[in-house]
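All remarks here apply to the structure that follows.
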Amino acid sequence: MLKLNLNKKVRALLALSLTANAFGANTQHAQRVRWVMGTLCELDAPGAPDSTVSAAFAEIERWDRILSLYKKESDASALNRAAGTGPLKVSADLYAAVEESLRLARETGGAFDPTMLPVLRGGPAQLPLIGWSKVSLDPQSQTIELPAGMGLDFGGIGKGWALDKAAALLKEAGVTRARFNFGGQILAIGAWPATIPGRAEPLLLTDESVSVSGDSEHPGHIKSPFNGLAVRRPGSAAAVLTSATEADAWSTALFILGKAPASFRGRSFFDPGIPAVPNKGGRS
């Protein structure tokens, strides 16, 4: 049944793509949909050849193979299995993704924390096993060391990271206007309108990404790194930044915090119903 429903969604999006092509004068209006990282990713790239669009999707799929915890052979899975065994030499790709995750954890004051995996799997009792500052990076040897029992989860940053890499590939190929919709996160090359909760008028994105986090679609899936509990309240938080990676991480942090801290450098929008949540001794 799941496969049937997925096929219906894909067919519907492809039908919209074909309709757009039929009414447009540009026969190279490349619009495609793929299922990747557990959700649908749509790319609308007017004037881009199919080969360039395919290369962008291939880049997203490559990062899925690196960061996915559902794939036992992924780089991220291998790193988590090595927790407690000492420094592990990792690929340059994984090192860069972990380094950026820890930078954003620091910038958000720990509201975004890539070490939340033990809590996501075992609940608040696993709080002693998390803490982004416990991860050791050695840029000289390109090794990462995780304490015993710790695990990294890229669910709050993986889509944004893959989007940035795919967008960079498109720009290198000369694409000046394109729009990704990756499971609801939008990344725009050039100017594109986007609709977000709590705003009657479309939001104009210009070389920006918007990510929205809330509790309505998958109730209880966002856990607070401050107490390990599910953040259960109405509304949503949206982050708009030039980096899709930062927007992905920050939308989660903003929903948990209920407000934009001084360290946030983008645009933020809060759907009504979000009270600010006190930072109860955030981790560092």
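The values are calculated or read from the model by the stated rules, or taken from the named source; none is laboratory data. Just so you know, these numbers come straight off a predicted model, no measurement behind them. With ideal geometry, Cβ positions are generated from the backbone for all residues, glycine too; neighbour counts draw on all protein chains shown. To get the accessible areas, we keep the full protein, side chains included, count just its heavy atoms, and leave off ligands, DNA and RNA. Shrake-Rupley method; radii C 1.70, N 1.55, O 1.52, S 1.80 Å.
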Would you point out which residue out of Glu99, Glu145 is touching a strand residue (DSSP E or B) at 6+ places or on another chain (Cβ under 7 Å), buried (at least 18 other Cβ atoms within 10 Å of the Cβ) and of a type in the set (Asp, Glu)? Glu145
Scanning for something within 13 Å of the chain's Cα centre (by Cα), under 22 Å from Trp63 (Cβ atoms), among the aliphatic types (A, V, I, L, M) and part of a loop (DSSP other than H, G, I, E, B), does region 162-178 turn up at least one residue? no
For residues that are touching a helix residue (DSSP H, G or I) at 6+ places or on another chain (Cβ under 8 Å) and modelled with pLDDT under 95, tally how many sit in region 24-35. 5
How many of the residues in region 155-178 are open to solvent by 10 Å² or more (accessible area, probe 1.4 Å) and out of contact with any Gly (no Cβ under 7 Å at 6 or more places or on another chain)? 12
Test Ala48 against the criterion of being out of contact with any Lys or Arg (no Cβ under 8 Å at 6 or more places or on another chain), open to solvent by less than 10 Å² (accessible area, probe 1.4 Å) and not in a helix (DSSP H, G or I), and give yes or no. yes
Number of positions in region 51-75 that are closer than 18 Å to Thr115 by Cα and crowded, with 16+ Cβ neighbours inside 10 Å: 6
